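Some notes on the structure that comes next.
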Amino acid sequence: MEDLFKLHKQVTGPKWAKKIIRGIVMVTCWAMWNVRNKKVFDNTTPKVVDVVALVKSLSFLWLKHRSSFNDIVWKDWAMFPLYML
């Protein structure tokens with residue numbers, strides 16, 4: 001988890017690139033916490049592919065609607081999430 005939290009500091013480039021990585025890290029932490037709670041409280045068996053899909057979709061929605069990157073396309077994001085970097 002420590003490496004995940006420090007990931008945005010290792011990104012070289014513009015400030016907006018670091019913000020994108022930080023946002024994806026926050027979405028990833030939330031998705032992992034959500035899956036953990038479902039496992040503990042609902043006794044479900046989480047699948048990694050479902051968590052990855054959740055992170056991709058939520059980070060796309062966050063980036064498209066909460067930033068100036070409103071021209072990103074889901075088809076491109078689904079194939080390679082950081083294509084604009």
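The values are calculated or read from the model by the stated rules, or taken from the named source; none is laboratory data. Given the structure is predicted, the values throughout are model-derived calculations rather than measurements. Cβ: placed from backbone, ideal geometry, glycine included. Neighbour counts: every protein chain shown.
Residue pairs whose Cβ atoms lie under 9 Å apart, sitting 6 or more positions apart in sequence or on different chains, and linking a residue in region 63-76 that is within 20 Å of Met26 (Cα to Cα) to a partner that is at pLDDT 90 or above and of a type in the set (S, T, N, Q), are Trp74/Ser57.
Hey, could you check region 70-85 for residues that are surrounded by 14 or more Cβ atoms within 10 Å (Cβ to Cβ) and modelled with pLDDT under 85 and say which is nearest to Met1 (Cα to Cα)? Step through it out loud before you land on a result.
If we filter region 70-85 for residues that are surrounded by 14 or more Cβ atoms within 10 Å (Cβ to Cβ), which is where we start, we get 72, 77, 81, 84.
With the extra rule that they be modelled with pLDDT under 85, the set shrinks to 81, 84.
Values: Pro81: 21, Met84: 25 Å.
So, considering only residues that are surrounded by 14 or more Cβ atoms within 10 Å (Cβ to Cβ) and modelled with pLDDT under 85, the one nearest to Met1 (Cα to Cα) is Pro81.
Here the condition is being modelled with pLDDT of 90 or more and under 21 Å from Ala78 (Cβ atoms); of Val40, Val25, Val51, it holds for Val51 alone. For region 70-77, the criterion of being among the hydrophobic types (A, V, I, L, M, F, W, C), over 23 Å from Lys15 (Cα atoms) and out of contact with any Ser or Thr (no Cβ under 9 Å at 6 or more places or on another chain) is satisfied by no residue at all. Scanning region 38-68 for residues that are surrounded by 15 or more Cβ atoms within 10 Å (Cβ to Cβ) and not basic (Lys, Arg) turns up Val51, Leu54, Val55, Ser57, Leu58, Ser59, Phe60, Trp62, Leu63.
When you check Val35 against the structure, is it under 9 Å from the mean Cα position of the chain (by Cα) and either surrounded by 11 or more Cβ atoms within 10 Å (Cβ to Cβ) or under 17 Å from Lys6 (Cα atoms) (or both), yes or no? Criteria not met by Val35. Look through region 54-69, keep the residues that are of a type in the set (Ser, Thr, Tyr) and at pLDDT 90 or above, and return whichever of them is nearest to Ala17 (Cα to Cα). Once the filter is applied, the top-ranked residue is Ser59.
Yes or no, residue by residue, for (1) touching a Phe, Trp or Tyr at 6+ places or on another chain (Cβ under 9 Å); (2) in contact (Cβ under 8 Å) with a residue 24 or more places away in the chain:
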| site | (1), (2) |
| --- | --- |
| Met26 | yes, no |
| Trp30 | no, yes |
| Val52 | no, no |
| Leu58 | yes, yes |
